[in-house]
Amino acid sequence: MIGSYVGENKNFERMFFTGELEVELVPQGTIAARLRAAGSGMPAIFTPAGAGTMYANGGIPVKYGKDGSVVLASEPRPTQMFDGKEYVMEYALRPEVSLVKAYKADTRGNLIFRGTSQNSNPDCAVAGKVVLAEAESIVEAGELDPDEIHLSGVYVDHLILATDNEKRIERLRLSSAGNVEDTSGPRVKIAKRAAKEFKDGMYVNLGIGIPTMTSNYIPEGVHIELQGENGLMGLGPYPDPSIGQIGDCDFINASKETITAIKGASSFSSSESFSMIRGGHIDLTILGGMECSSSGDLASFFIPGKLLKGMGGAMDLVSSPSTVIVTMEHTARNGSPKILEKCTLPLTGKGVVDRIITDMCVFDCDKKGLRNGGLTLVELASGVTVDYVREATACSFDVIDGDIPLMEY
């Protein structure tokens, strides 16, 4: 199986670690680009996602034995330098059969998708040798406005009218407006501090967990647009039942939670979403991490033999030109440091992090080595000392000159 994100699917995770499944983990944007390349007649593409990591160098477990040993690992991928930056060569991905789901179709096979349900459907359709499209409704040719069609019928071989349109909501999230908020936890404080990074007019991508929480604390007078890599620019709040909003399975974020779309929002395919990301059109990326290094390396997707999440879109996001901020608790549950001289886990990105925000402090990362590399402590949480941070950090770091500002929430 080729996939990018397992998430909370414990059965899938169990089958992988017990050797029942072979899993090739591939960045989400890379899968979309490989599909699009196949549909365009291109044999391969170059992408910065995963360059300098185990993903490019080889060694990520593909199949485990029943005893937990790795019996098959990924091979090295070809790489090439362009303008001083390393890129990974990826072969086009051409499925024998593609199954896609559409909102509407006409009898010519033209398809319309709804909300974030567009995601990778068009990319799978253009790539497939044989394409079966299931639609919630099918109308006569000519009834659909040509300007509203997302996918031409030229890609569709067989059209099926869905007889069961039940679409389950995996994570129904509703607005907590009017409820009393618990602001005492460290995760909330990290999210509040991270929200101070938002600047008016920014296009922003938020990862799962603490990063998603930051959208609840956007400073007054600051207007940003949130991009979901699953295909929406202009993510709005969770649905608010008090004003008649309900959860809609066709409008979800990358965490599979129900969301709304703001006025002026736009939906698109996965390949277009990651083109925005790789092309530098997203100003700021905030995501979580398992480990960060003093040189700006990030590990966030895999603990060999124990935890399989998958990189999702993170490898594409951190390799893009956007500013990258990592939000995480400073230490693990057992008290061990998560900020290290070198990461011990497989990397999501090498030399990609610009800033780390924890419950103890804020570090700036000199990932380009402009100041001899390393971390600089630029803010402290109230009641936390530099010495305390040093005890909780497994690498050396500099401290800004003068008084150290307190983290603002």
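A few remarks follow.
- Residue match in the range 190-202 (condition: within 20 Å of SER320 (Cα to Cα) and β-branched (Val, Ile, Thr)): no
- The condition of being farther than 30 Å from GLY209 by Cα, in a loop (DSSP other than H, G, I, E, B) and without any contact (Cβ under 8 Å) to a residue 40 or more places away in the chain holds for only one of GLU8, GLU75, that being GLU75.
- Test: residue in the range 45-64 that is under 21 Å from the mean Cα position of the chain (by Cα), at pLDDT below 95 and more than 27 Å from ASP297 (Cα to Cα): no
- Test: residue in the range 328-339 that is open to solvent by 20 Å² or more (accessible area, probe 1.4 Å), small (Gly, Ala, Ser) and touching a residue at least 60 places away in the same chain (Cβ under 8 Å): no
Residues are listed down the side, and each one gets a yes or a no for (1) closer than 24 Å to SER175 by Cβ; (2) at pLDDT 95 or above; (3) in contact with a Leu (Cβ under 8 Å, 6 or more places away or on another chain); (4) part of a helix (DSSP H, G or I):
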residue	(1), (2), (3), (4)
VAL222	yes, yes, no, no
LEU226	yes, yes, yes, no
ASN230	yes, no, no, no
GLY234	yes, yes, yes, no
PRO237	yes, no, no, no
ASP248	yes, no, no, no
ALA254	yes, no, no, no
PHE274	no, yes, no, yes
THR285	no, yes, yes, no
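- Of the residues making up the range 273-304, those that are open to solvent by 10 Å² or more (accessible area, probe 1.4 Å) and on the phi > 0 side of the Ramachandran plot number 1.
- Condition check for SER270: open to solvent by 30 Å² or more (accessible area, probe 1.4 Å) and touching a residue at least 12 places away in the same chain (Cβ under 8 Å): no
- Taking the range 315-386 as the region of interest, the strands (runs of 3 or more DSSP E) fully inside it that hold 2 or more residues being under 17 Å from GLY207 (Cβ atoms) are 323-327, 355-357.
- The range 109-163, residues that are open to solvent by 40 Å² or more (accessible area, probe 1.4 Å) and among the hydrophobic types (A, V, I, L, M, F, W, C): VAL130, LEU132, ILE138, ALA141, ILE149, VAL154, LEU159, ILE160, LEU161
- One residue alone among ASP366, ASP359, ASP387, ASP398 is among the acidic types (Asp, Glu) and at pLDDT below 95, and that residue is ASP366.
- Candidates ARG94, ARG34, ARG77, filtered to the one that is closer than 30 Å to SER152 by Cα, charged (D, E, K, R) and open to solvent by 30 Å² or more (accessible area, probe 1.4 Å): ARG94
- Residue match in the range 122-145 (condition: among the polar types (S, T, N, Q) and free of Cβ contacts under 8 Å to residues at least 40 places away in the same chain): yes
The values are calculated or read from the model by the stated rules, or taken from the named source; none is laboratory data. Bear in mind the structure is a predicted one, so any value in this text is a computation, not a measurement. Every residue, glycine as well, gets a Cβ built from its backbone with ideal geometry; the counts of neighbours run over all protein chains shown. Surface accessibility is based on the protein's heavy atoms, side chains included, excluding ligands, DNA and RNA. Shrake-Rupley method; radii C 1.70, N 1.55, O 1.52, S 1.80 Å.
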